[in-house]
1. Restricting the count to DSSP beta bridges whose residues both fall in region 143-289, what percent are antiparallel, rounded to a multiple of 5?
2. Any idea how far the Cα center of region 171-232 sits from the one of region 116-139, in Å?
3. Which angle between 0 and 90 degrees, to the nearest 10, do you get for helix 273-287 versus the longest principal axis of the chain when only C-alpha atoms count?
4. Shape of region 45-161 from its Cα gyration tensor (a ≥ b ≥ c, root eigenvalues): rounded if a/c is under 1.5, otherwise prolate when a/b > b/c, or oblate?
5. Run lengths n ≥ 4 of DSSP H only: what is the helix-derived mean residue ellipticity at 222 nm for the chain, with -39500 (n - 2.57) per run over all residues, to the nearest 500?
6. For region 150-289, what class follows from the C-alpha gyration tensor (a ≥ b ≥ c being the square roots of its eigenvalues): rounded when a/c is under 1.5, otherwise prolate if a/b is larger than b/c, else oblate?
7. Among 171, 257, 79, whose mean-square fluctuation peaks in a Gaussian network model of the chain (Cα, cutoff 10 Å)?
8. Looking at the chain, identify the longest residue range that excludes and avoids all GluC sites (Glu not before Pro) in DSSP loops having at most 14 other Cβ atoms within 10 Å.
Amino acid sequence: MAASRRSVLKLAGGGALACLFNGAGLAASQRVVALDWGAAETMIAMASPPTGLAERDAYNKVVADAQCARLETVDVGLRLAPNAEALYALKPSLIVINSAQAYMRSSLERFAPVHTFTIYGTEDEPLAMAEQATSLLGKAMAAQEQAAELRGTTAAALQQLRRSLAGKTQRPVFVVQLQDEHHAAVFGKGSLVQGVLDRIGISNAWTGKADFWGLSVVGLEAFAAVPEAILIYFALPQVDVASIRSGFFWQNLPQVRAQRAVSLPSLWAYGGLPSATRIAAAIAAAVDR
């Protein structure tokens, strides 16, 4: 099944080559600024990369090389406080935000029409919303065919992983983002991770309440409540994972003692369809090891 996962990872992005060839589909008249990273990775996956991107270097570090932003992509400042001078100089034809950035709409409309890339903050689950958001973004950018192709390849990748995992494990999983030696954010209902788990046929061990992003910040001891679960974890680049793993609380988790704690590479778990495919492939590899 390793070959199947490799083919899924190819669908998630082209690695370093994506940086070289991710501009082929963008019309010359399109000058789109992405203030949302999920929208940015979606645009790059559709071969229609943004002209401007908020926190470009941080995006490339966190989202990694699968849907990276090219050096010629202009950094337009912070996601929650974009640089007005940079926006004015770019003269964008469209600015893309997420629903949590909607308070900026009126000020941004001074520079260009604004499109909202909505995944979170609705009653629908984020993976289904990411599919819809991809189609709507494609329409806003006159890239409907590219959007439809991305939706199709994503659906095929998730279905392929579901088939490869059939009958492999009956254990539920915790999927967590480590915070510090005592705390982690666990993904539950309302998260992109939950949607991915549902699509590939894996049960989530976490059923507690969640925030806007589908997260619950808990003490590490919370994972001892389901000792039979697999603990799948990752962290953002700035987190000292080695220090956490050497700590008392981590060392005494039943999953760690039973060698059912599996590390993933750093992931962006709050994005669109490209993130969903990467998350699915990483979780499948962790379960089927």
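The values are calculated or read from the model by the stated rules, or taken from the named source; none is laboratory data. A quick note: this is a predicted structure, and the numbers were derived from the prediction, not measured. Neighbour counts run over all protein chains shown; Cβ positions are idealised from the backbone, glycine included. With ligands, DNA and RNA removed, areas are computed over all heavy atoms of the protein, side chains included. Shrake-Rupley method; radii C 1.70, N 1.55, O 1.52, S 1.80 Å.
1. Rounded to the nearest five, the antiparallel share is 45 percent.
2. Distance between centres, Cα-based: 22 Å.
3. 20
4. prolate
5. -11500 deg cm²/dmol
6. Cα axes put region 150-289 in the prolate bin.
7. Of 171, 257, 79, the Gaussian network model singles out 257 as fluctuating most.
8. Maximal segment without exposed cleavage sites: 124-227.
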